[in-house]
């Protein structure tokens, strides 16, 4: 996506001007920004709208990564990021961003729209293993499985290969329920 098609509040236009353009039908709000109303909404477009809230050294993860990969229509109200570098970082975060300290291996990262993001399989695994702490992640699992149904079987295979991990049993059961939908 060309950067000229992305309008972030406080950039070239004020929030009032962007809102007026939205009311006139020229722009639609997407993630943390605005894009032309006739622009095709792709993962790269979704990711680019979040570039201002994903700090350097982190990767979009959990529900945020699921949304970037095409799950659901609206971005999550709180964005999730995980450490993408080996050293500890202390980024300045918005109150709408949740930081997870677990480091994402390079093999589980990809660049989408200029934003480091967890791969779809890693995203599904993160959602699955955190489900026992946050049942609100289940809809994100279902929506991500609708984007790529193979993720469910792949995630079950990865879980079966893991040792003792918190949330593994309940997460595997949830994945099997998603598969039978």
- Message: Suppose the filter is under 26 Å from residue 144 (Cα atoms) and in contact with a helix residue (DSSP H, G or I) (Cβ under 7 Å, 6 or more places away or on another chain); does residue 47 pass it?
- Response: yes
- Within region 60-92, which residues are in contact with a helix residue (DSSP H, G or I) (Cβ under 9 Å, 6 or more places away or on another chain) and more than 26 Å from residue 28 (Cβ to Cβ)? 82, 84
- Message: Between 177, 164, 150, which is without any contact (Cβ under 8 Å) to a residue 12 or more places away in the chain and either surrounded by 14 or more Cβ atoms within 10 Å (Cβ to Cβ) or within 26 Å of residue 43 (Cα to Cα) (or both)?
- Response: 150
- residue 126 being under 13 Å from the mean Cα position of the chain (by Cα), over 28 Å from residue 28 (Cα atoms) and buried (at least 18 other Cβ atoms within 10 Å of the Cβ): yes
- Message: Just to check your reading of the model, which residue among 149, 63, 105 is over 12 Å from the mean Cα position of the chain (by Cα) and modelled with pLDDT of 95 or more?
- Response: 105
- Note on the structure: Only unsatisfied item for residue 111, checking (1) assigned to a strand (DSSP E or B); (2) in contact (Cβ under 8 Å) with a residue 60 or more places away in the chain; (3) more than 25 Å from residue 166 (Cα to Cα), is (2)
- From the list 45, 14, which residue is farther than 18 Å from residue 94 by Cβ and under 13 Å from the mean Cα position of the chain (by Cα)? 45
- Task: Residue by residue through region 1-17, note down the ones that are part of a loop (DSSP other than H, G, I, E, B) and surrounded by 15 or more Cβ atoms within 10 Å (Cβ to Cβ).
- Result: 1, 6, 8, 9, 13
- Query: Hey, residue 95 hits all of (1) modelled with pLDDT under 90; (2) over 21 Å from residue 137 (Cα atoms); (3) assigned to a loop (DSSP other than H, G, I, E, B) but one; which does it fall short on?
  - Reply: (2)
- Query: Which of the residues belonging to region 72-88 are in a loop (DSSP other than H, G, I, E, B) and either in contact with a strand residue (DSSP E or B) (Cβ under 6 Å, 6 or more places away or on another chain) or surrounded by 14 or more Cβ atoms within 10 Å (Cβ to Cβ) (or both)?
  - Reply: 72, 75, 76, 78, 84, 85
- Which one is nearest to residue 149 (Cα to Cα) among residues in region 105-122 that are out of contact with any strand residue (DSSP E or B) (no Cβ under 7 Å at 6 or more places or on another chain) and buried (at least 20 other Cβ atoms within 10 Å of the Cβ)? 120
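The values are calculated or read from the model by the stated rules, or taken from the named source; none is laboratory data. Nothing here was measured: the structure is a model prediction, and the numbers come from that model. Neighbour counts are summed over all protein chains in view; Cβ atoms, including those assigned to glycine, are modelled from backbone coordinates with ideal geometry.
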